[in-house]
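First comes the structure, then the notes that go with it.
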Amino acid sequence: MSDNTRTAPDPAAHDDHDAETECQAVLRDVWVFLDNELDPERRAVVERHLVDCPPCLDETDLGHRLKTLLHRSCGGDTAPAFLRDKLVAALSARTDGPPAT
């Protein structure tokens, strides 16, 4: 019988005294990391942490699999062109400037 219970990151698995806080910070940033939207310095910190922390790596892998599934299931939907035009017009009116292209 397999055990699918997920465990929280274990601060004792790290040498530094602030491991739990680092785990929390990494897990807070995991979606931005998976979207490849972190600045290079923070991305490097997150990557190093994931190499050293199997529980956080497991959480990241779960997030990656979820994003892949969502993209595969919902990736083909696009908004109609009239909606984009309406949004651009509304934003232009709000900023009183021409829309960026």
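If you put +1 on each Lys and Arg Cβ and -1 on each Asp and Glu Cβ, how big is the dipole of segment 11-95 around its Cα centre, in Debye rounded to 20?
Working: 10 positive and 17 negative charges, 174 e Å.
Computed about the Cα centre, the dipole is about 840 debye.
Run the simple label-point estimate for Lys67 and Ala89 please: 7 Å along Cα→C-beta, distance reported in nm.
Here the modelled spin labels are 3.5 nm apart.
Each reported figure results from applying straightforward, stated rules to the coordinates on display, with no laboratory input. Quick caveat: nothing in here was measured; it's all calculated off a predicted structure. For neighbour counting, all protein chains shown are included, and Cβ atoms are generated from backbone atoms with ideal geometry for every residue, glycine included.
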